[in-house]
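A short worksheet on the structure shown next.
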Amino acid sequence: MKLKTLPIFLAFLCMGFGDAVNSFVGIAKDKFQLSNLEANFIAFAGFIMFGVLSVPMGVLQDKIGKKNTLMSGLILEVLGVALVLVLGVNQFNIFLAAILLLGAGSTILQVSGNPIMRDVSDEGRYSSNLSMGQFVKAIGSFTAPAVFTVAAWKGYTEKECWPVLLPIFAVAIAVSIVSVASLKIREKEAEKKPASLGSCLALLGKPFVLAMVLGIFLYVGAEVCMASGLPVYFKAKFGFTPESATQFVTYFFIAIMAARFLGAMILKAITPKAFLAATSVFSILGFALLATGVKSLSIAALFIIALGFANIFPLIFSITIDKMPEKSSELSGLMITAICGGAFIPLAMGRLADSFGNLAGFAVPALCIAYILTVALTLKTARNS
């Protein structure tokens, strides 16, 4: 890892803190006596920022630069953490405001962090570094669950973890702010004509861009489908308790995290396009094993699908930016907006599962990956289209 990439990897770590807020839902539900709907609004509050902020921040980034945009995301995150540290978590509105700031900061970090990685990467290393960045982001995402798990082993409650967890966030973000601020970087291939909302949306008129943005939309949706569908399936099909069924989600994301590290190594040897096709095929093979309905094969399928899923997001992102680097800010805004697929694709899975059974529901994420495989196999005809 070269010194010029270190500040960006630190920003990816902080990016993961936005995902960690999902672990706060159960704590807040008990503390503030919330209904299920009110509690789940916590996750929604962070998630909705991807749909609201991504494109506007992509446009703004084209004017103020990726580094300044990255700094603004880090500052919003540290403000969210500071709000809770200073005022505490005794009022739900303060807690929710902190979550919104963390979600907004994480969204901005996604918009700027993914394309700025290209500016600090050596020639031919962008895809590899982006996969490694997603691995580092996953570490940030697991910070809260890891702290809560260790606390449970030690006999502490989740409420007692706040004095430990939030300072960890604050210190990491502060170090990242100092590191990014000191980074001297020449941003590559800046667009002479400033981006606008119109120019950003106009890119969707290009078949290549539309295909890749849709790929992000479907991939994120497929990943959320797996996270939400696996516990339900293993409980209903094989008789696992709710607690033991939930562990399969943990296994799924640990496998994804490990495979992202491995993917960064593999991308030093093969092209991103070839790897995208191969990893999509691997995922589909996993779905075929899951379809057998056999317990041992279903557990194996979980890991195979995770290994296949792991690098799809950074591969699509890096391939897109490398094709049109002069439009990196606008493309980043569009692709991060597409993360909202995680809110919609699971609805289709749920509808299918209600009608034909839990196993049938997995046809939805399988079809999402089949689309991505089709895109990977036809990328050679999509350049500059």
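For this structure, a couple of remarks:
- Out-of-range pairs (alpha-carbon distance over 18 Å; input 66/206; 235/295; 206/268; 184/327; 4/63; 184/323): 66/206; 206/268; 184/327; 4/63; 184/323
- Subtracting the Cα-Cα distance of residue 236 and residue 265 from their residue separation scaled by 0.36 nm leaves 6.6 nm.
- Put simply, the C-alpha atoms of the range 230-272 give a gyration tensor, and the ellipsoid matching it has half-axes of 32, 9, 5 Å, longest first.
- Normalised size of the chain, defined as Cα radius of gyration per 2.2 N^0.38 Å with N residues, equals 0.96.
- Taking all pairs of distinct alpha-carbon atoms in the range 196-385, Kirkwood radius in angstrom: 17.1 Å
- Gyration tensor verdict on the range 318-370 (Cα atoms; rounded if a/c is under 1.5, prolate if a/b is larger than b/c, oblate otherwise): prolate
- Whole-number percent relative contact order across the range 196-385, with pairs defined as alpha carbons under 8 Å at least 6 apart: 39 percent
- Label point distance in nm, residue 196-residue 291, each placed 7 Å from Cα along Cα→Cβ: 4.9 nm
- Percent RCO, i.e. relative contact order, over the chain, from Cα pairs under 8 Å lying at least 6 residues apart: 25 percent
- Residues 262, 101, ranked from the fewest to the most other C-beta atoms within 10 Å, line up as 262, 101.
Where a number appears in this text, it was derived from the coordinates with a stated rule and is not lab data. If you're wondering where the values come from, they're calculated on a predicted model, not measured in any experiment. Neighbour counts run over all protein chains shown; Cβ positions are idealised from the backbone, glycine included.
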